[in-house]
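First the structure, in the form of structure tokens, and then the observations on it.
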Amino acid sequence: MKSVIIIVMAFGLLVPTAVYGVEGYWINNYGKQLNNNPTVCFLQPSDSRINEQRWNEWFSDMTTALNTWESVLNQSDTGFWKINIVNVPLQKISLLNPSTCDVTVKFTDESNPTHPDWLGWFVAGTGKISIVYSNYEYCGKEFLSNSLIMVDRYCFGDDIERSKRMASVLQHEFGHALGMGHYVSDNANLTQQWYDGIDTPSIMAFQHPDEELKNITQIDVTLIHEIYGEWGFGNKIDSIPVFNEPYVPEPVAEVLEIIQVNVIEHLEVIEMISGQLPDELYKKGIIIEVSIQKPDGIIEYEGIPVSKTFKSYGFPLSFDYLSQIGTHYVTLKADGEIFKQIIIIVSQEQPKVDSDKDIILDEINQKEIEVILKNISETQNNKKLTSVDNIDKHAESCFLFWCW
Ligand SMILES: [Zn+2]
């Protein structure tokens, strides 16, 4: 018996548990795997065919897959669901603190030793997802005796699989990483329809690996609520940085801005990041890649469209009392080239100090800002940003004294 899609190893019972729905039910859910907003680390494989450009494409598609999980969860209730996504390219693997990764996604060109036609798998209790990146080809039909349906059998070739299809496998595997089992039906006709992509009720149903047909559904959300409650995975308080050394942004070609943000309890501060894309980088349909590195080292990615009339872009960044204190690095890239970097220093309101101190501290602050600017200009001359430490110290001292 071989299952075509993706199966969780180390499942416990084989007895259907819980909730017979109208048409299907869950089997082998294994419950809460995460105690707070998960950090998911994507490791670039060591394979010369997976060059930087290809890796960036993979990472972007995988990010989209997990962002879909996040947005479906956030759309469905009043909770706050957050998935932190970390890119670990080859040159940073040695700097990674693996203990900060709640879920680690590895890409392999070798099939599963005991289940050679699995496209991906998750090993319960380890947080490890594997995705096979060798291209998979249709190799005939097979009868699944436990589900009584015909499924496609897959063989792996020497080429590289399309990353969108791998991202679709990831969406299913991530469901396992959250503690979900498979969603099945006793009705073989129905199970066959689901497999063929007709009204498939859950991302966790057995299904032909076609990303166009797969969806995270309300049934999935309901199960996540049963496992985690309705309010989200929970806030993460992590003192260990994801990487052992501060991330050094690539040299900044064009514009650098420093913004200071002071957050006050119960109020949200919105910073609009906007501007015009340099002419030489503009082309129709281009998406600006925005990376936001938080003080704890976690980097978030977003894609921002550019208006074709004015070549302008704009997006809001919001900060509140739960935002991380310290330096947030925002890097804007188009067509692979950095054209703007913004440093946002976030501090929290502190009790008011007397006015004499205010003046003195303002002077200190002014000096510190000058130090940052000087460092940055030196850095740009050196084509390397070396002032990360100084900027961090600056943010910390301002937080301690409260100066703005
Ligand atoms: Zn599965």
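Looking across segment 151-168, the residues that are within 16 Å of the ligand (Cβ to nearest atom) and either part of a helix (DSSP H, G or I) or touching a His at 6+ places or on another chain (Cβ under 7 Å) (or both) come down to Asp152, Arg165, Met166, Ala167, Ser168. Set side by side, the residues Asp102, Asp117 differ, and just one is acidic (Asp, Glu), touching a strand residue (DSSP E or B) at 6+ places or on another chain (Cβ under 8 Å) and within 15 Å of the ligand (Cβ to nearest atom), which is Asp117. Among the residues making up segment 54-102, those that are in a helix (DSSP H, G or I), polar (S, T, N, Q) and either on the phi > 0 side of the Ramachandran plot or at pLDDT below 95 (or both) are Ser71, Asn74, Gln75, Gln91, Ser94, Ser99, Thr100.
Name the residues in segment 319-335 that are assigned to a strand (DSSP E or B) and on the phi > 0 side of the Ramachandran plot, would you?
Filtering segment 319-335 for residues assigned to a strand (DSSP E or B) gives 319, 326-334.
The answer is Gly326, and nothing else.
Do the conditions hold for Trp121, that is, is it closer than 27 Å to Asn28 by Cβ, in contact with a helix residue (DSSP H, G or I) (Cβ under 8 Å, 6 or more places away or on another chain) and in a strand (DSSP E or B)?
Numbers: closer than 27 Å to Asn28 by Cβ: yes; in contact with a helix residue (DSSP H, G or I) (Cβ under 8 Å, 6 or more places away or on another chain): yes; in a strand (DSSP E or B): yes.
Considered against the rule, which asks whether it is closer than 27 Å to Asn28 by Cβ, in contact with a helix residue (DSSP H, G or I) (Cβ under 8 Å, 6 or more places away or on another chain) and in a strand (DSSP E or B), Trp121 comes out as yes.
Would you check if there is a residue in segment 107-126 being free of Cβ contacts under 8 Å to residues at least 24 places away in the same chain and among the β-branched types (Val, Ile, Thr)? Scanning segment 107-126 turns up at least one residue that is free of Cβ contacts under 8 Å to residues at least 24 places away in the same chain and among the β-branched types (Val, Ile, Thr). Residue by residue through segment 64-103, note down the ones that are closer than 17 Å to Ser202 by Cα, in contact (Cβ under 8 Å) with a residue 60 or more places away in the chain and not hydroxyl-bearing (Ser, Thr, Tyr). Of everything in segment 64-103, those that are closer than 17 Å to Ser202 by Cα, in contact (Cβ under 8 Å) with a residue 60 or more places away in the chain and not hydroxyl-bearing (Ser, Thr, Tyr) turn out to be Ala65, Leu66, Trp69, Val72, Leu73.
This table checks each residue for (1) touching a Ser or Thr at 6+ places or on another chain (Cβ under 6 Å); (2) surrounded by 14 or more Cβ atoms within 10 Å (Cβ to Cβ); (3) part of a loop (DSSP other than H, G, I, E, B).
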site	(1), (2), (3)
Leu170	no, yes, no
Asp186	no, no, yes
Asn215	no, yes, yes
Ile219	yes, yes, no
Asn235	no, no, yes
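The set of residues in segment 188-213 being part of a helix (DSSP H, G or I) and of a type in the set (Ser, Thr, Tyr) consists of Thr191, Tyr195.
Name the residues in segment 120-150 that are crowded, with 17+ Cβ neighbours inside 10 Å, among the β-branched types (Val, Ile, Thr) and within 13 Å of the ligand (Cβ to nearest atom), would you? Of everything in segment 120-150, those that are crowded, with 17+ Cβ neighbours inside 10 Å, among the β-branched types (Val, Ile, Thr) and within 13 Å of the ligand (Cβ to nearest atom) turn out to be Ile129, Ile131.
State whether the residues of segment 283-305 include one that is of a type in the set (Gly, Ala, Ser), farther than 20 Å from Lys82 by Cα and either at pLDDT 85 or above or assigned by TED's automatic domain parsing to the domain that holds Asn67 (or both).
Looking only at segment 283-305, we keep the residues that are of a type in the set (Gly, Ala, Ser), and these are 285, 291, 297, 303.
This time we only want the ones that are farther than 20 Å from Lys82 by Cα, so: 285.
Still in the list and also either at pLDDT 85 or above or assigned by TED's automatic domain parsing to the domain that holds Asn67 (or both): none.
Within segment 283-305 (the criterion being of a type in the set (Gly, Ala, Ser), farther than 20 Å from Lys82 by Cα and either at pLDDT 85 or above or assigned by TED's automatic domain parsing to the domain that holds Asn67 (or both)), the answer is no, since none of the residues qualifies.
Would you say Ile240 is in a loop (DSSP other than H, G, I, E, B), within 15 Å of Ser76 (Cβ to Cβ) and touching a helix residue (DSSP H, G or I) at 6+ places or on another chain (Cβ under 6 Å)?
So Ile240 does not fit the description; no.
Within segment 192-215, being under 25 Å from Gly31 (Cα atoms) and more than 14 Å from the ligand (Cβ to nearest atom) holds for Pro201, Asn215.
Within segment 7-51, the set of residues being surrounded by 15 or more Cβ atoms within 10 Å (Cβ to Cβ), under 15 Å from Gly125 (Cβ atoms) and modelled with pLDDT under 50 comprises Val8, Met9, Phe11.
The values are calculated or read from the model by the stated rules, or taken from the named source; none is laboratory data. All values derive from a computational prediction rather than experimental measurement. All Cβ positions, glycine included, derive from the backbone under ideal geometry; neighbour counts span all protein chains shown.
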